1. Does A:Ala93 fit the bill of being small (Gly, Ala, Ser), open to solvent by 50 Å² or more (accessible area, probe 1.4 Å) and part of a helix (DSSP H, G or I)?
2. Does B:Thr236 fit the bill of being out of contact with any His (no Cβ under 8 Å at 6 or more places or on another chain), within 21 Å of B:Gln93 (Cα to Cα) and part of a helix (DSSP H, G or I)?
3. Can you work out which of the residues in the stretch B:109-133 that are surrounded by fewer than 14 Cβ atoms within 10 Å (Cβ to Cβ) and more than 20 Å from the chain's Cα centre (by Cα) is farthest from A:Asp330 (Cα to Cα)?
4. Considering A:Gly354, A:Gly325, A:Gly346, A:Gly319, which residue is part of a helix (DSSP H, G or I), within 11 Å of another protein chain (Cβ to nearest Cβ) and open to solvent by less than 10 Å² (accessible area, probe 1.4 Å)?
5. Of everything in the stretch B:55-99, what is outside any helix (DSSP H, G or I) and within 7 Å of chain A (Cβ to nearest Cβ)? Give them in sequence order.
6. Regarding B:Ser42, is this residue part of a helix (DSSP H, G or I), more than 25 Å from B:Glu227 (Cβ to Cβ), within 14 Å of another protein chain (Cβ to nearest Cβ) and open to solvent by 30 Å² or more (accessible area, probe 1.4 Å)?
7. Specify the residue that is most open to solvent (accessible area, probe 1.4 Å); the eligible residues are those in the stretch B:150-182 that are within 13 Å of the chain's Cα centre (by Cα) and charged (D, E, K, R).
8. Filter the stretch A:174-191 down to the residues that are part of a strand (DSSP E or B) and charged (D, E, K, R), then identify the one that is least open to solvent (accessible area, probe 1.4 Å).
Amino acid sequence: MSLWEAIRSALSAIGANALRSALTMLGIIIGVAAVIAMVAIGSGARERVTGQIKSLGANLAIIQSGNVTQGGVRLGAGASSTLTDEDARAVLAEVENVTAAAPVIVTRAQAVYAGTNWSTQITATDLDFFTAREWGVAEGRLFEPEELRRGEIVAVIGQTVAKNLFGEQDPLDQMFRIRNVPFKVIGVMAPKGQSALGQDQDDVIFVPLDTGRRRIIGRNYARDRSVQTIMVKFASEDAIAPGIADTTALLRQRHRLPEDQDDDFIVRNLTEIANTATAAATTLSWLLAAVAAVSLLVGGIGIMNIMLVSVTERTREIGLRLAVGARQRDVLAQFLIEATTLATIGGAVGIALGVGAALTIARIANWPSVISIETILIAVGVSGMIGVFFGFYPARQAARLDPIEALRRE
Amino acid sequence: MALIEVHELSRIYSLDSGSVIALDRVSLEIEAGDLVAVMGPSGSGKSTFMNLIGCLDRPTGGHYRLDGVAVETLSSDGLAELRNRKLGFVFQQFNLLPRVDACANVELPMVYAGRDRKIRREKALAALGRVGLAERAHHRPMQLSGGQQQRVAIARALVNEPRLLLADEPTGALDSRTALEILALFQDLNHEGVTVVIVTHDAEVARHARRVIRFRDGHILSDQRQEPADARAALTALDHAPPAAEVAA
């Protein structure tokens with residue numbers, strides 16, 4: 001019997017019990033669909049996390065001021081402004097493999113333009129910030145060193161601010177106000193999207209550090225040179241850990257901390273956090289795939305179950321086939337092909353469903369949809385193998401029947 | 001050389017409660033072209049004998065040659081090939097595949113013989129013609145009467161041109177008139193040269209054979225030649241006989 005004929009005969013046997021076959025296939029359909037959808041969702045989630053991490057910039061550490069102790073009470077991070085822009089300059093100059101060190105002050109304020117206004121984050125910083133974040137302008141330009149030095153009243157705005165404040169208008173060279181100070185827009189940042197924490201990174205206005213201090217926060221430049229954070233970029237991932245140790249030593253020395261006193265700042269390795277997030281996403285996708293694989297396994301057991309029933313029901317048919325000259329391997333092949341056909345059809349339907357589900361979920365969750373050809377090929381292969389694996393035992397039972405017993409069975 | 005040569009053939013079943021001797025050192029020969037009835041009550045060993053000469057079972061002792069082949073030396077695949085090429089089976093319950101039409105049922109032995117589709121179809125239609133069912137080739141078993149189903153089964157048994165047609169209670173599930181038709185068909189086939197062995201417990205069936213072998217307790221009780229009753233003539237007589245009610249009146 002040719003393979004094609006064997007498959008046709010298997011299809012006719014499957015069609016003879018259409019409802020039962022459909023219910024049996026349902027197990028495989030759900031299993032395969034689940035595997036494809038779950039793997040797609042898992043890799044989509046991972047891709048998103050990786051994308052967000054990339055948007056943050058690679059090899060970053062953040063130094064936060066604070067954690068001072070007053071009368072035995074430890075006040076925690078950010079409680080006091082112990083860092084200065086001079087610290088930032090010192091880190092860039094003295095610690096090895098540091099490519100950028102940006103002093104940062106962040107506050108919230110209302111930006112007003114003509115009839116509209118918009119509450120947004122104001123980030124006062126210098127050019128190192130854009131180097132560290134690997135972020136440039138879409139239109140216009142970044143600050144000139146002269147503007148930074150003199151604390152001129154200019155701003156570079158994020159895409160979200162541009163949209164909300166200026167709408168369809170070109171924001172370049174427009175004047176708007178923050179706390180009644182008129183700022184000129186000199187640039188619009190390229191879009192960056194959501195951060196790993198779900199924050200809109202484009203909802204921001206950048207101003208020169210000193211401009212922010214004096215004009216928005218209202219501090220006296222001469223007396224107070226403090227900043228909230230310093231963003232440090234290292235040359236490579238391997239340079240981060242020794243770099244952080246050197247930075248800590250340098251800042252302790254600059255802050256003249258006695259040996260028995262805690263650091264009055266905190267250094268956070270963002271790459272480490274990013275790696276943890278990626279690892280978590282990877283674990284999640286493995287977990288999803290494992291759950292889906294279990295449902296595929298259950299589907300396979302369903303096939304084995306129904307094939308065993310089928311062998312029992314068709315004992316006389318098997319007896320007859322043996323009597324007219326079928327060899328054991330003919331009967332084995334017949335039932336194996338039947339189980340494999342059942343599993344493969346289920347697999348095909350499952351793929352269609354799984355791809356559909358993955359695309360739908362990706363659209364709803366606004367994730368990149370990652371449906372790889374590999375996943376589909378593996379799903380087809382696995383469902384075929386499930387047919388062979390779970391079909392083998394029933395098929396062997398059939399092939400080993402004694403023709404006399406089989407013919408006598410009612 | 002006889003078609004079937006059986007020498008001291010034994011079949012002992014080992015059960016938990018001890019062993020049962022189903023067939024005890026039976027020797028006989030069946031010539032090609034004969035029409036033989038194998039008779040005996042249940043437990044006489046006739047079914048065991050049929051299973052052995054049908055190559056469905058292996059003897060525990062003795063020798064069996066079918067058409068010159070020493071059957072007891074064959075592997076399970078060898079037995080399957082022998083059943084396929086040299087034997088045709090007809091069963092009491094017809095054993096047709098319900099999902100496919102008569103023609104596909106008849107093709108089945110040729111499928112396992114590895115014939116290609118076109119030849120299979122041609123030969124299956126010819127075999128159906130031989131049993132008088134050419135017009136029913138594309139009916140499914142459910143659409144056929146019992147007698148017609150048994151004819152399909154006979155066509156299936158004949159299609160590989162076997163050396164021996166082996167029928168196990170072929171009329172057991174049929175009414176007496178249809179049974180006569182089937183017996184007439186066996187007699188016709190026999191006249192055309194087909195060797196037929198019918199296993200039955202029914203003396204009426206055995207009357208139509210040329211030779212009757214009776215089994216009891218695993219031995220041959222008697223082995224007689226006889227002038228067979230003519231099934232075709234009995235059918236003709238039945239058709240011309242007045243209805244039973246008129247005779248009574």
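The values are calculated or read from the model by the stated rules, or taken from the named source; none is laboratory data. Since we're looking at a predicted model, the values are computed, not measured. Every residue, glycine as well, gets a Cβ built from its backbone with ideal geometry; the counts of neighbours run over all protein chains shown. These area figures cover heavy atoms from the full protein model, side chains too; ligands, DNA and RNA do not enter into them. Shrake-Rupley method; radii C 1.70, N 1.55, O 1.52, S 1.80 Å.
1. When the stated conditions are applied, A:Ala93 passes them.
2. The answer is no for B:Thr236.
3. The residue in question is B:Glu122.
4. A:Gly319
5. Listed by number, the residues that qualify are B:Leu56, B:Asp57, B:Phe89, B:Phe91, B:Asn95, B:Leu97, B:Arg99.
6. No, not satisfied.
7. Here the residue is B:Arg163.
8. Once the filter is applied, the top-ranked residue is A:Lys184.
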